[in-house]
Amino acid sequence: MEPIGSQEARRTGPRKRMCVVGASGKLGRYMVRHALDRGYEVVGVCREQSVGKLAEFEGRITVVPGATDDRAVVARAVEGCQAVLTVLVPWGMKRYSSGTARAVLDAAPAGARLVFSCGWHITRDGKDVYTRRLRAFVAVFGRLARLARVADLDDQVEACRQIFASDTEWTVVRGSDLEEGGSQGLPVWSRHVGDPLLASNLTRRVDFALFMVAAAEDDALVREAPAIVGRLTPSALAHARAKNTA
Ligand SMILES: NC(=O)c1ccc[n+]([C@@H]2O[C@H](COP(=O)([O-])OP(=O)(O)OC[C@H]3O[C@@H](n4cnc5c(N)ncnc54)[C@H](OP(=O)(O)O)[C@@H]3O)[C@@H](O)[C@H]2O)c1
């Protein structure tokens, strides 16, 4: 069977190929939509039981079913990709997050742009300043989730440690609290949580996905761990106003 996109490729030259690892979740599906809008040929990886969640894209993307921490699955999916976007989630107690990160780091083609998602609680250099509320949430959720054996936040930390130590072209996008709703445009970012720019702590999920896709095209974000916030939030607007009057 002729690969998806090959007819168009003959007309306009080869299209860039983007893999979305964890494509069936809410963030993943938004990323698939943005990638298609930007003209990418898209390959999505998701668990077998979730393939149906990608039905809206039938005929427009290639789906590779399987666990995202399965190296063989990931290797097949990332073949020929210039960019790989990965949703890192802490669910389960089987080191799914760090296994997924490892599989992507090991299998992605040399020079590919690798973009990973996580939350503000991940710190790259220890210089983030967290509110008491966020520290309490991470401590309580982390403990309860471990006790209930539903999630392991430490494994997401380990996944990011591996990424930060890698010499690949990575970006780790750290999401604030999320909400649904229409796009407000590309979120703004800072290197450190605690920057007043980020104080509103809210981003539309659709725009988190937009940032992930845009990051794959932005060399300034290579080996950065941007903490993002919605560009129309009060703290982002106040920051923009202060910059304009300076
Ligand atoms: N939710 C928030 O408020 C928030 C805040 C900041 C940052 N983030 C970050 O945003 C990203 C997306 O998070 P989200 O909350 O919006 O979730 P999401 O996009 O709905 O994605 C959840 C992902 O987890 C997978 N998943 C669910 N249960 C699983 C299990 N037991 N084992 C393995 N995989 C499982 C889902 O796969 P299936 O489709 O196969 O179920 C899906 O790919 C994550 O990197 C997260 O750290 C989230």
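The values are calculated or read from the model by the stated rules, or taken from the named source; none is laboratory data. Here the structure is a predicted model, which is why all the values come from computation and not from measurement. Cβ atoms come from the backbone with ideal geometry, glycine included; neighbour counts cover every protein chain shown.
Limited to the stretch 74-102, what total is found for residues that are more than 13 Å from the ligand (Cβ to nearest atom) and either within 21 Å of Asp155 (Cα to Cα) or of a type outside the set (Asp, Glu) (or both)?
Total meeting the criteria: 11.
Can you find, within the stretch 190-236, the residue that is surrounded by the most Cβ atoms within 10 Å (Cβ to Cβ) among those that are touching a residue at least 40 places away in the same chain (Cβ under 8 Å) and of a type in the set (Val, Ile, Thr)?
The selected residue is Val229.
Could you list, in sequence order, all residues of the stretch 155-169 that are free of Cβ contacts under 8 Å to residues at least 60 places away in the same chain and closer than 30 Å to Ala236 by Cα?
Val157, Arg161, Glu169
Considering only the stretch 99-136, state which residues are assigned to a helix (DSSP H, G or I) and surrounded by 15 or more Cβ atoms within 10 Å (Cβ to Cβ).
Answer for the stretch 99-136, where residues must be assigned to a helix (DSSP H, G or I) and surrounded by 15 or more Cβ atoms within 10 Å (Cβ to Cβ): Gly99, Thr100, Ala101, Arg102, Ala103, Val104, Leu105, Ala107, Leu134.
Return a yes/no flag: does the stretch 74-87 have any residue that is of a type in the set (D, E, K, R) and at pLDDT 95 or above.
yes
When the residues of the stretch 12-68 are narrowed to those that are within 16 Å of the ligand (Cβ to nearest atom) and of a type in the set (Phe, Trp, Tyr), which ends up surrounded by the fewest Cβ atoms within 10 Å (Cβ to Cβ)?
Phe57
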